[in-house]
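Okay, so here's the structure we're looking at.
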Amino acid sequence: MVAGNPISGAAQPEAETGERAYAAMIARARALVPQLRQRAARTEELRCLPPETEQDLHEAGLFRILQPKRFGGAELDYVALIDCADLLGQADASVAWNFANLASHHWMLGMFEEKAQTLVWGHDANTLIASSFIFPAGRARKTDGGYRLHGSWPFSSGVASCEWNMLASVVYSDDEADGIEYRIFLLPKKDYKILDTWNAAGLRGTGSSDVEVRDAFVPDYMTVAVGNLAGGPTPGSAVNSNPLYALPVFSLFPYVLSGVALGNAQACLDDYVEVVRHRISTYNRAKLSDFQSTQIKIADASAKVDAARLIMRSACAVAMEDARHGQVPNMAAKTKYRRDGAFSVNLCTEAVSMLFAASGARGLFTSGVLQRQFRDAHAINSHLAFNFDAAGTNYGRVALGLPSENLTL
């Protein structure tokens, strides 16, 4: 059965086709795990994905899991993003992070006007799109036929491999009474400059460099207002009728990347169990597997990882089912998505931190994977989407009848 429920009301052959496509994609992702794990040290050294890793992801079709079928994409349910990132994250969180980021941009482009989709995918349906959704980093003004955009954006993951970039900006008006608008702009590589700034403690292989734009013109059809991505029909719905392209983008934003934390935590747990199953204490020669404290930590970490997986996948399944029935979640539901996305990733981070501490000095060696899993877990958790204080505060505000402070929802 397809994770996240089969398409309601669809003919059985179509549902079976979707199930087979999902199963095949999961199998391809799982098959890549051993070789991606072997390359992890090189990925960190390069500070970006090795060319052969990108090629593997392309050949497996993984970047295109959420791309519209009319351009050759798989158009799988949104939960596939969690599940594939989970598997790839068990090999290398940096690979999973770039996969999930870049795959999600195919999903988002499916919500732009048809002309934008044709311009990007008509030449090469495999082309990759980077992003930075930090709205205050940009300034845009309306002009004839489009917008003038400038700014400097950090954290554009995988940008060196991409021919396009989705950059978020605030649109200002000369008339202060008109207020400001949040909008996303799609630019070709020639219109932005990549700044090699990515030297980080965690997710080192993601190549999340800064990008700079100086007074670029962006046509109307290459932009989309955040208000049009809040759930329900989007500009792209005219040609992409799948409910996938009617999901509330920024409400579900945590689940673009939460599967990375999940896979990283699962790998950390699996590695820990394998080591302590055979390990003897350095000081008293006792078997670590006989220690009650070891057994409790395994139970605690595994419960956190399993709970996180259930929370993430359930949120995606509910969102897809609502979209199939034409239901747009209210603000309470949207802030719950954000709350649960942050909470579930925090569970994964807690599991990794606990196992790292329980591993003692063994975890300190740079030749091992545990220190990378620890660094990556905390790098993932540093993303604003996983800041539980922010997500929890906004959820509590709405629960108490106060307005949401997140203007993208």
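The values are calculated or read from the model by the stated rules, or taken from the named source; none is laboratory data. What you see is a predicted model; the values in this text were computed from it and never measured. Note that we place each Cβ from the backbone using ideal geometry, even for glycine, and neighbour counts take in every protein chain shown. Side chains are part of the model used for accessible areas, which takes the heavy atoms of the whole protein and leaves out ligands, DNA and RNA. Shrake-Rupley method; radii C 1.70, N 1.55, O 1.52, S 1.80 Å.
Whether any residue in segment 209-225 is open to solvent by 10 Å² or more (accessible area, probe 1.4 Å) and part of a loop (DSSP other than H, G, I, E, B) is what I want to check. No: segment 209-225 contains no residue that is open to solvent by 10 Å² or more (accessible area, probe 1.4 Å) and part of a loop (DSSP other than H, G, I, E, B).
Look at segment 395-409: where a residue is in contact (Cβ under 8 Å) with a residue 24 or more places away in the chain and a partner is small (Gly, Ala, Ser), sitting 6+ places away or on another chain with Cβ atoms under 6 Å, you get VAL398/ALA332; VAL398/SER404; LEU409/SER251. Taken as a whole, the condition of being surrounded by 24 or more Cβ atoms within 10 Å (Cβ to Cβ), touching a residue at least 40 places away in the same chain (Cβ under 8 Å), out of contact with any Phe, Trp or Tyr (no Cβ under 9 Å at 6 or more places or on another chain) and among the aliphatic types (A, V, I, L, M) does not apply to ALA80. A single member of PRO50, PRO13, PRO34 is open to solvent by 70 Å² or more (accessible area, probe 1.4 Å), over 22 Å from TYR245 (Cβ atoms) and at pLDDT 95 or above, and it is PRO34.
ARG183 meets the stated requirement of being under 23 Å from ALA100 (Cα atoms), among the basic types (Lys, Arg), assigned to a strand (DSSP E or B) and open to solvent by 10 Å² or more (accessible area, probe 1.4 Å). Confirm whether ALA116 is surrounded by fewer than 23 Cβ atoms within 10 Å (Cβ to Cβ) and in a loop (DSSP other than H, G, I, E, B). Considered against the rule, which asks whether it is surrounded by fewer than 23 Cβ atoms within 10 Å (Cβ to Cβ) and in a loop (DSSP other than H, G, I, E, B), ALA116 comes out as no. Residues of segment 368-409 that are of a type in the set (Phe, Trp, Tyr), within 25 Å of ALA96 (Cβ to Cβ) and open to solvent by 30 Å² or more (accessible area, probe 1.4 Å): PHE374, PHE388. Considering only residues in segment 226-268 that are surrounded by 21 or more Cβ atoms within 10 Å (Cβ to Cβ) and β-branched (Val, Ile, Thr), the one that is farthest from the chain's Cα centre (by Cα) turns out to be THR234. Among the residues of segment 133-147, is any under 17 Å from TRP107 (Cβ atoms) and open to solvent by 10 Å² or more (accessible area, probe 1.4 Å)? Within segment 133-147, one or more residues are under 17 Å from TRP107 (Cβ atoms) and open to solvent by 10 Å² or more (accessible area, probe 1.4 Å).
Considering segment 37-47, and only residues there that are touching a residue at least 24 places away in the same chain (Cβ under 8 Å) and of a type outside the set (Lys, Arg), the residue that is most open to solvent (accessible area, probe 1.4 Å) turns out to be LEU46.
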